[in-house]
1. Roughly how many nanometres apart are two label points built 7 Å out from the Cα toward the Cβ at GLU94 and HIS71?
2. Which of rounded, prolate, oblate describes the stretch 19-68, given a ≥ b ≥ c as roots of the alpha-carbon gyration tensor eigenvalues and a/c under 1.5 marking rounded, otherwise prolate only if a/b is larger than b/c?
3. Residue-wise, which Karplus ³J(HN,Hα) couplings in Hz belong to the stretch 44-49, taking 6.51 cos²θ - 1.76 cosθ + 1.60, θ = phi - 60°, and x for glycine or proline?
4. Let's test the formula: R0 of 22 Å, r as the Cβ-Cβ distance of LYS102 and GLN82. What FRET efficiency results, to the nearest 0.05?
5. Please list 49-59, 130-140, 72-82 highest first by mean number of surrounding beta-carbon atoms within 10 Å per residue.
6. Where does the charge balance sit around VAL138 when Lys and Arg score +1, Asp and Glu -1, over other residues with C-beta under 14 Å from its C-beta?
7. Which parts of the stretch 29-61 would a label at THR21 reach, counting a residue when its backbone N lies under 18 Å from a point 7 Å out along Cα-to-Cβ?
8. Sequence gap at least 6, Cα distance under 8 Å: using those rules, report the relative contact order of the stretch 72-121 to the nearest whole percent.
Amino acid sequence: MLRFFENGLFHQANGNGDLKTAIGELIRLAADSAQSTSASLYLLDPNQAVLKPLATLGLPEQYVQACGDVHIGDQCCGRAVQQRKPWIVSDMLEDPLFASAKKAAQVSPIRAAFSVPVIDEKGDCLGSLGCHYDHPHVPDKADIERNEIWASMIAHVISRYSRQANAQTAAVLQNAQRMQQDELS
């Protein structure tokens, strides 16, 4: 099941569904290409310096809740964002760098994951795309490279959506200013 979170990062993402459809399909393709039944897209909330879930595919709710908001440099996706490179946690119950979210693995069947940063064409890191496994797992180079491509496509979709939303906001503001000037004339 693909689940979207309404966390304010994309307050307009629940509009016509185009963004959700595009991102949801890319997340699904990333999971499929990495032979994973679950995946996630966490986006950076720059005001709090944390990653928040925008969408998950097949991840148990208890896992997502136990992971919570992910600080940059923490867990798999936070390290991928901090280092701006793929990050692997082959066994969440054993990896000392996953200690802060070990409970997530203990309360769910998720045991391994790898994440790649989602970086836009300007070089800004928008978040992290992750694939998750119910057994200890190390992805091969091809899995990581494919997910880097999916992450680039996700960044493109997000950037395009943001530009469109900004253009629409600018048009509304221009109209409001014109109406105000007409009233003053």
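1. 2.7
2. Oblate, because a/c is 1.5 or more while a/b does not exceed b/c.
3. With the stated coefficients, the stretch 44-49 comes to 6, 9, x, 5, 10, 6 Hz.
4. Step by step, r from the Cβ atoms, then E = 0.70.
5. For the peptides 49-59, 130-140, 72-82, the packing ranking is 72-82, 49-59, 130-140.
6. Around VAL138, the charge tally is -3.
7. The answer is 29, whose backbone nitrogens lie closer than 18 Å to the label point.
8. Over the stretch 72-121, the number comes to 42 percent.
Where a number appears in this text, it was derived from the coordinates with a stated rule and is not lab data. Model, not experiment: these values are computed from the prediction. As a convention, Cβ positions derive from the backbone with ideal geometry for all residues, glycine included, and neighbour counts pool all protein chains shown.
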